[in-house]
1. Which one is nearest to the chain's Cα centre (by Cα) among residues in the range 47-90 that are assigned to a helix (DSSP H, G or I) and among the polar types (S, T, N, Q)?
2. Residue by residue through the range 114-126, note down the ones that are farther than 20 Å from ILE79 by Cβ and not in a loop (DSSP other than H, G, I, E, B).
3. Condition first: acidic (Asp, Glu) and over 16 Å from LEU54 (Cα atoms). Now tell me which residues in the range 65-93 satisfy that.
4. Among the listed residues GLN126, GLN121, which satisfies the condition of being open to solvent by less than 10 Å² (accessible area, probe 1.4 Å) and at pLDDT below 95?
5. Using the structure shown, decide if ALA93 is of a type outside the set (Lys, Arg), farther than 21 Å from THR169 by Cα, under 15 Å from the mean Cα position of the chain (by Cα) and at pLDDT 85 or above.
6. List the pairs whose first member sits in the range 157-177 and is over 14 Å from GLN60 (Cβ atoms) and without any contact (Cβ under 8 Å) to a residue 60 or more places away in the chain, whose second member is outside any helix (DSSP H, G or I) and open to solvent by less than 30 Å² (accessible area, probe 1.4 Å), and whose Cβ atoms are under 7 Å apart, counting only residues at least 6 apart or on separate chains?
7. Restricting to helices (runs of 4 or more DSSP H) lying wholly in the range 127-196: which have 3 or more residues that are among the β-branched types (Val, Ile, Thr)?
8. Just give me the residues in the range 166-192 being buried (at least 17 other Cβ atoms within 10 Å of the Cβ), in contact with a helix residue (DSSP H, G or I) (Cβ under 8 Å, 6 or more places away or on another chain) and more than 18 Å from LEU149 (Cα to Cα), in sequence order.
Amino acid sequence: MNTIIRKSVLGVAGLAFAGGVFAGPAAAQAAPVVEAGKPVAVQADKPGVDKGKLIPHGVQGGQSRIDLSDEQVASTKAIVAATKKAGMDERAAVVSIATALQESKLENLGHLGDRNDHDSQGLFQQRPSSGWGTVEQITDPEYSTTAFLKGLKQVDGWQDMPLTKAAQTVQVSAYPDHYAQWEQLAADLVAEHWNS
């Protein structure tokens with residue numbers, strides 16, 4: 001029985017190899033780049049982002065991915081724009097986006113009633129009672145990102161820290177290790193939107 005299965009698998013692998021050989025490089029170039037089962041757009045006309053700067057220490061642990069709505073993409077672009085305006089680099093944008101992914105899934109959340117964590121709101125789930133700003137301010141993506149980045153700038157050596165430690169130092173979350181799961185998606189989003 002095992003011999004039959006092995007021969008079947010080898011036969012399918014041989015057909016796949018032969019198909020690749022006969023299709024040649026033209027087919028390989030036409031195929032989209034695929035990551036985690038999802039096509040990734042490649043734009044040759046944009047200058048590239050140094051991907052080594054996005055994840056300098058490699059990702060920690062298992063990674064999560066979600067498909068983004070138009071609202072979430074707009075939030076991503078707002079975070080990237082605010083990071084640039086603050087004069088910070090792509091790594092700061094990765095830390096910011098990963099933090100917002102964990103805190104709100106990049107949705108600009110208002111007060112959620114009983115489901116709310118105290119008075120946390122906005123992309124980063126910042127709290128007016130903790131001095132992050134007014135409700136109007138922390139639900140403004142540019143303001144909330146700038147506030148997060150201001151906190152990040154105050155963390156000595158944040159650039160050399162693992163993402164989850166840098167994010168946790170600013171956010172002081174009850175679940176500090178959860179930020180790490182969003183690092184790859186955040187880096188992919190920064191690579192896609194930094195030069196757009």
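1. THR76
2. Selection gives ASP114, ARG115.
3. Answer for the range 65-93, where residues must be acidic (Asp, Glu) and over 16 Å from LEU54 (Cα atoms): ASP67, ASP70, GLU71.
4. GLN126
5. Criteria not met by ALA93.
6. Note: pairs meeting the criteria are THR169/VAL155.
7. The qualifying helices (runs of 4 or more DSSP H) are 163-171.
8. Correct list: HIS178, GLN181, LEU185, ALA191.
The values are calculated or read from the model by the stated rules, or taken from the named source; none is laboratory data. As the structure is a prediction and not an experimental result, all values here were calculated from the model. FYI the Cβ positions are ideal-geometry reconstructions off the backbone, even for glycines, and counts take in every protein chain you see. We work out accessible area using only protein heavy atoms, side chains counted, and drop any ligands, DNA or RNA first. Shrake-Rupley method; radii C 1.70, N 1.55, O 1.52, S 1.80 Å.
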